[in-house]
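Please treat every number below as a calculation from the coordinates, not as lab data. In this text the structure is predicted, and so the values were computed from the model without any measurement. Note that we place each Cβ from the backbone using ideal geometry, even for glycine, and neighbour counts take in every protein chain shown.
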Amino acid sequence: MRVLGLMSGTSHDGIDAAVVDWELRGDTLVGTVEQAGETPYPPELRERIVGALPPGRVDLAEVCALDTLIGQAFADAAEPYEADLICSHGQTLYHWPGLGTLQMGQPAWIAERTGLPVVSDLRVRDMAAGGQGAPLVSYLDLLTLPERSGALNIGGIANLTVRDTGLAYDTGPGCALIDAAAPPYDRDGRLGAEGRVVPDLLDKLLAEPYYALTPPKTTGKELFTPDYVDAGVRQADLVATLTALTAETVAAEIRRHALRRVVVSGGGVRNPTLMGMLRARVDAEVTVHEFADAKEAIAFSLFGWLTAHGLPATVPSCTGASGPRILGTITPGSGPLRLPEPVAVGPLQVLLQDARRPAG
C-alpha cells in the first residue's frame with residue numbers, strides 16, 4: 001500500500017512529503033521510500049501562520065481562513081504524487097497538554113484535489129487517552145533503532161527517542177529561538193559561529209523549569225515564543241548563545257541516558273555550528289539520518305498505513321497515554337471508502353529502503 005505522508009513542523013516553513021510503499025513481511029514492515037520532497041509555504045501564508053502563533057492573537061475568522069488556506073497548500077503539495085492513501089499532519093497552531101491541540105489544514109481540500117482518502121487530525125486521540133499528543137514519531141524510531149542508541153529530531157523544537165528505555169520527549173528548543181533571533185533562520189550557522197556565547201545569559205536560560213520536568217513531556221512555541229529572549233546583546237552573540245542553549249539541553253539528555261549513538265534529523269542538521277556544539281558536548285557518535293529531511297513525512301506515511309489497517313500508532317511510555325490508540329480521522333476520496341483488511345498484530349520492526357525518484 002502506497003501512502004503519501006504530509007508534514008509541516010514547528011519551523012512552519014513548508015510542507016514535507018514522502019510516498020512510501022509499505023509491505024508487511026512476517027513481523028517486519030518494509031517501507032520503500034519512492035518519492036520525497038518539500039513545498040515551501042507562499043511567503044504571505046507563512047506570515048499569517050507566524051502571526052497566529054503564540055503570543056499572537058487572532059479571531060475566529062482568521063482561524064477559519066487559515067484552515068482553508070493551509071488545506072489548499074497541502075492539496076498543492078500532494079497533487080504531484082501518486083498514492084493509495086494520504087496521511088496529513090497539517091500545521092500545528094496551538095499545542096498545550098491539558099488544554100488541547102489544534103492542527104490546521106482542512107483535509108477535504110486534499111481529498112477533493114487528489115480523489116484519495118485522507119487520514120488527518122492524529123494527535124487528538126492520544127490526548128483524549130491522557131497523553132501529551134507528542135512525540136508521535138517515536139513509534140517509528142523505536143522500531144528502527146539499534147540498542148544503546150537514540151533518535152534526535154531538531155526542528156523548531158528538539159525531541160529525543162531513547163531506544164532501550166522506550167522513552168521519547170521534547171528536550172526543549174531546537175531551532176525556534178535561533179530562527180527568531182536571526183529570521184528567517186541562521187543560514188549555515190554563520191551568525192552562531194561569528195558570535196560569542198554569553199555565559200550569564202546561557203545560565204539564565206538553562207534555569208527554565210521545563211528542563212527539570214520528568215518525561216514524558218512535550219513543549220512548543222507556546223512556551224518558547226519569539227519574545228522569550230530579550231537579552232540586550234548584539235545579534236551574533238545572542239544567536240551563538242541560543243545555539244549553545246539547544247546544544248546543551250539536548251546533550252544533557254544524551255549524557256543522561258548514556259547513549260552510544262544518536263541519529264539526527266530535521267532542519268537543525270543543516271546548521272554546522274549547532275551540530276559542532278552538540279558533538280563537542282557528548283561522547284556518543286552523532287550521525288545524520290539517511291532520510292534526515294523526510295523522516296517525519298515518512299513517519300506520517302507509516303501512521304496512515306497503521307490507521308488504515310486498524311493498528312495503533314502510539315507508544316504510551318513516550319506520550320503518557322493510558323494505552324496505545326489508533327490515530328486520526330478519515331476523509332473519503334472521490335469514491336466509496338475501501339480500507340484493507342485489519343491486521344491483528346502490529347510489526348515488531350520497520351525496515352526502510354530508498355528508491356526515491358523525482359515527483360511529477
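Computed quantities for the displayed model
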| read-out | value |
| --- | --- |
| Those GluC sites (Glu not before Pro) in region 215-302 that DSSP places in a loop and that have at most 16 other beta carbons within 10 Å | 222, 290 |
| Crossing angle, helix 295-308 versus the chain [Cα axis fit, 0-90 degrees, rounded to tens] | 30 degrees |
| Rg and Dmax of the chain, Cα atoms only, in Å | 19.5, 62 |
| Positive-end residue of 198, 211, 139, charge dipole of region 138-288 with Cβ unit charges | 139 |
| Helix 43-52 axis, angle to the chain major axis (alpha carbon atoms, nearest 10°) | 70 degrees |
| Long-range amide H partners of residue 87 with built H, under 5 Å | 4, 5, 6, 119 |
| Overall dimensions of region 193-333 by Cα: Rg and Dmax, Å | 18.4, 56 |
| Nearest 10 degrees, 0 to 90: helix 272-281 Cα axis against the chain principal axis | 70 degrees |
| Qualifying lysines (Cα of each under 25 Å from Cα of residue 204; at least 8 residues distant if same chain) | 217, 221 |
